[in-house]
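Have a look at the structure below, then the notes.
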Amino acid sequence: MEITVEEIASLVGGEVVGDGKKIIRNVAKIEEAGEDDLTFLYQEKYEKYLSPDSSFAVLVNKDFSKSYPSLTFIKVAEPYLAFIKIIEKYFIPEVELPPLFSKTKDEVNFSFGKNFRCGENVSIGKNCKIGDDVTIFSNVAILNDVEIGDGTVIYPNVTIRERCKIGKRNIIHSGVVIGSDGFGYYKLSDKSYKKIPQIGIVVLEDDVEVGANTCIDRASIGETRIKKGTKIDNLVQIAHNVVIGENCAISGQTGFAGSTKVGNNVIVAGQVGFADHIVVEDDVVVMAKTGVSHSLKKGKVYFGYPVMEVREAFKLHALYKNLPELREKIFELDKKLNELVQKLNESK
């Protein structure tokens with residue numbers, strides 16, 4: 001790929017400062033960028049990688065005013081967003097798609113729309129409904145009565161259990177299991193467990209992305225639902241009857257226990273655990289390694305275990321660091337107090 005800085009600026013509506021004819025052959029992180037690379041400056045702390053010896057091109061905020069004669073700048077409103085747009089246009093490697101499905105609708109026991117692509121060793125159960133422009137890579141298992149919406153992409157080794165519903169433009173990465181049985185058992189008097197039938201389904205609304213090796217359990221009764229626009233990282237566990245709202249971002253190794261309800265626009269960092277039957281309201285942010293044992297209020301930031309608002313949690317963690325010193329002071333004060341008490345008793 002060879003494109004000029006001027007072409008890039010035209011694509012993203014940017015202003016060129018420097019050599020507009022400069023040829024760009026690749027994109028790179030700012031700390032690794034070379035002469036023919038395009039990078040971006042997103043946070044001020046990365047300015048240290050700009051130097052008079054560098055000669056790459058950089059997307060910067062339109063208010064950026066520093067001068068480096070050897071560098072070429074493209075000024076835009078949002079450098080990171082512009083960088084994404086450029087990658088999408090010029091630098092995404094081509095992926096070999098599976099072939100168009102060659103069988104007719106009379107030859108299979110499921111329905112499918114136009115431009116359906118299907119890889120090798122794909123198993124599709126009876127009465128499934130597959131929309132237009134769906135791509136399913138190899139070794140996918142789809143059980144009976146599943147619905148898959150237009151434009152969805154399913155990568156290799158995904159399992160979608162019976163009756164689950166997948167919306168439009170979903171991206172489901174390798175190793176995902178949708179609709180596995182929820183973890184439901186009734187403890188009997190002899191302390192053994194009786195399995196509770198899991199007869200519900202999973203519903204993924206439109207524009208959902210599910211990361212590799214994530215598991216979303218079917219509901220015991222009713223639905224486990226992931227609402228539109230939500231993005232789920234790798235290795236996330238979502239238990240039966242959980243509802244996750246619109247445009248949420250869930251990071252890896254997070255777990256949701258059964259019947260938890262999550263609002264819209266919630267951000268969850270990595271390795272967070274949610275107890276069952278709690279409610280997380282809209283616009284909440286939960287920081288990494290938090291243990292969420294009770295419901296969370298709208299728009300607040302939370303951290304720690306037991307979970308608390310972040311300012312309170314940080315104050316508490318600051319105290320933890322001083323505990324050894326405070327312990328010694330308490331011992332010293334206790335010793336002095338005992339000495340004073342002894343002197344007072346002796347003086348009587």
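Rounded to the nearest 20 Debye, what is the dipole magnitude of the chain about its Cα centre when Lys and Arg each give +1 and Asp and Glu each give -1 at the C-beta?
Its charge dipole is roughly 1460 debye.
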Among (i) 69, 44, 40; (ii) 106, 77, 30; (iii) 62, 50, 42, the entry that matches Cα extents along the principal axes in Å as calculated here: (ii)
Say each of residue 97 and residue 181 gets a label point 7 Å from the Cα, pointing the same way as Cα to Cβ; how far apart are those two points in nm? 3.9
For the stretch 3-91, what does the relative contact order come out to in percent, with C-alpha contacts under 8 Å and a separation of six or more? 29
How long are the semi-axes of the equivalent ellipsoid of the stretch 1-45, defined as square roots of 5 times the Cα gyration tensor eigenvalues? Whole Å, largest first. 17, 14, 9
Where is the GNM fluctuation largest for the chain (alpha-carbon springs, 10 angstrom cutoff): 117, 225, 25? 25
Give me a comma-separated list of calculated 3J(HN,Hα) values for the stretch 230-246, in order, Karplus coefficients 6.51, -1.76, 1.60 applied at θ = phi - 60°, integers in Hz, x for any Gly or Pro. 7, 10, 10, 6, 5, 6, 9, 10, 10, 7, 5, 6, 6, 10, 10, x, 7
How much space per residue, in cubic angstrom, does the convex hull of the C-alpha atoms of the stretch 3-91 take up? 79
Residue 123 paired with residue 78, simple spin-label distance in nm, labels 7 Å along Cα-to-beta-carbon: 4.3
Helical contribution to [θ] at 222 nm, DSSP H n ≥ 4, -39,500 (n - 2.57), averaged over the chain, rounded to 500: -5500 deg cm²/dmol
Everything considered on the Cα gyration tensor (a ≥ b ≥ c; rounded for a/c under 1.5, else prolate if a/b is larger than b/c, else oblate), the stretch 114-188 must be described as prolate
Between the DSSP loop rule and a limit of at most 16 other Cβ atoms within 10 Å, which trypsin sites (Lys or Arg not before Pro) in the stretch 246-327 are left? 289, 297, 298, 300
Rg/Rg_ref, the stretch 105-309, where Rg_ref = 2.2 N^0.38 Å and atoms are Cα: 1.06
Over the chain, what is the mean sequence separation of C-alpha contacts under 8 Å (at least six apart), divided by residue count, expressed as relative contact order in percent? 6
Filtering GluC sites (Glu not before Pro) in the stretch 42-134 by DSSP loop and by at most 16 other Cβ atoms within 10 Å leaves 94, 96, 120
Could you tell me which of the pairs 62/300; 89/114; 29/75; 45/298; 85/231; 22/62 are separated by over 23 angstrom between their Cα atoms in the structure shown? 62/300; 89/114; 45/298
For the stretch 50-190, with only Lys/Arg (+1) and Asp/Glu (-1) charged at the beta-carbon, what is the dipole magnitude about the Cα centre, in debye rounded to 20? 340
What distance in nm separates the simple spin-label points at residue 267 and residue 26, each placed 7 Å from Cα in the Cβ direction? 3.1
Globularity index of the stretch 68-109, i.e. its alpha-carbon radius of gyration over 2.2 N^0.38 Å: 2.32
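No lab work stands behind these numbers, since they all come straight from the coordinates. No experiment lies behind these values; they were computed from the predicted model shown. So basically every Cβ, Gly included, is an ideal-geometry build from the backbone, and we count neighbours across all protein chains shown.
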